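Read the figures in this text as sums done on the coordinates, not as results from a lab. Here the structure is a predicted model, which is why all the values come from computation and not from measurement. Methodologically, a virtual Cβ is constructed for each residue, glycine included, from the backbone with ideal geometry; neighbour enumeration extends over all protein chains shown.
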Ligand code: GLY
């Protein structure tokens, strides 16, 4: 460790003082790290039965749909990055799609404005996040089925069954869900959500009581027996279409029948001796992550102490540039055939972008006029490794917590409100964060741009770090900082996850930071450099595994911001 790295380490130890230090889990044969201990255990059981990383991921994802309905889902979508033990990497895109009846101005009023209303949480939100029109055609079942068809090993039914058992027999309601039950009872106007946490006798379920979901168990049984078609055809699809039609939604049986998940080539970049693989568009995560890692590689980090004013400023400037490029260029690759991905992720481009970073002064973000800010943040991530060293990094989402809050009582699952991830007003980009650029304008059957960043880093051609997070646009930045903490600062995975994080997304032009974790001096100095600072209680909920190549052990940690999460190994 050189002098500056020692300073960095000491300053890191000081700053981390106010964050919970979590324990790491060590194992030899396999590991699952998710935001639900029960779901992690389901994944581990599949690994112990001889399932591979894909099998265990399918089982964990279905289990999360039961135990973590805030974001775990069959009514949403997401991305899976798979690296086998030899380093061969692929991705599965199961992002939701706009229904065929969707249009670029579907959320605007007659004056072309984006009206506001009250969402399922009883909070003010913009129209693109409210009600059944905000629902994208779900992709989760198709994605898990495709991953299993191509790379799974155990029978499909065996992987869905644990989730059915959990829904049928129930599990003790954890504190976070008990809180949701109380919150929705008081605040939501949506009947489905009011009834969601209610027992047969009409009483609200409370902390520690067994919560059963018989309707969800029936839906999952259809999926167990009929696979992909169990969701996209037959009685489940018929009921989705009926519910949509009778309640003002626009998803039809044809939308469901036409949906398919896609296998895509990962985005690849390098940082020093490491190879980084992440999700390509329709996620912006991989491209932005590689661009930012390339920019950091150009900085003289030995002369900048970790978490110093200069360091936070540098991170913010790097983020500002990557998010500006994200807004200009990225969208569904099936609709944007000439996206300059190779350019954005190249070392040459990073050199140009780095040239105008002033290490003493904030550079202004381009802007037009004031508008709205919107940002979904209810997503969930898990990282997983099997005994042969195959790794999966999977992030999936409903967009907001409990998505749109709507669902058919007969099916027992919640629909996403992912249409809110499209740019809602064509050509209108505002200083406070509304983006109106063309690549992500709503079109029928288009996938909305995502920030999810499931990532696997390889060392000497083999999986080394498996990482990802929820958090809307903050995902890209929290994954970026955690990867940097491990690769550049040699932090243990728990410390890398817990270390102070910041977020800048170009527009609005401000640094969000984890409250209490920047010193008053640093904040004052950043303000003097021209930054606006906004505290947040927390950024990210990272779930990570490092494979120690020397000792051949797996080291996992789940973010303390998800106390019901767990890294479980065997
Ligand atoms: N809904 C969050 C994301 O896709 O980035």
Rounded to whole Å, give me the distance from the Cα center of segment 114-184 to that of segment 246-305. 22
For segment 32-80, what is the Kirkwood estimate of the hydrodynamic radius, computed as the reciprocal of the mean inverse distance between distinct Cα atoms, to one decimal in Å? 10.6
When each pair of different Cα atoms in the chain is counted once in the 1/r mean, what is the Kirkwood radius in angstroms, to one decimal? 23.5
Rank the residues 278, 363 as a footprinting-exposure proxy: fewest other Cβ atoms within 10 Å of their Cβ go first. 363, 278
D_trans [Stokes-Einstein, Kirkwood Rh over alpha-carbon pairs] for segment 70-146, 20 °C, 1.002 mPa s, µm² s⁻¹: 144
Relative packing of 224-231, 409-416, 351-358, which averages over residues the other C-beta atoms within 10 Å, highest first: 409-416, 224-231, 351-358
Segment 205-226-segment 53-79 distance, computed between alpha-carbon centres (Å): 13
What's the center-to-center distance, using Cα atoms, between segment 501-544 and segment 435-475 in Å? 22
Just need the relative contact order of the chain here, percent rounded to a whole number, with Cα pairs under 8 Å and 6+ apart. 25
Quick check on segment 253-360: what are the equivalent-ellipsoid semi-axes from the Cα gyration tensor, as sqrt(5λ), descending, whole Å? 32, 14, 13
Which translational diffusion coefficient, to the nearest whole µm²/s, is obtained for segment 520-570 from the Stokes-Einstein equation, given a Kirkwood hydrodynamic radius over C-alpha pairs, 10 °C and 1.306 mPa s? 111
Per residue of the chain, what 222 nm ellipticity follows from adding -39500 (n - 2.57) for every DSSP H run with n ≥ 4, rounded to the nearest 500? -10500 deg cm²/dmol
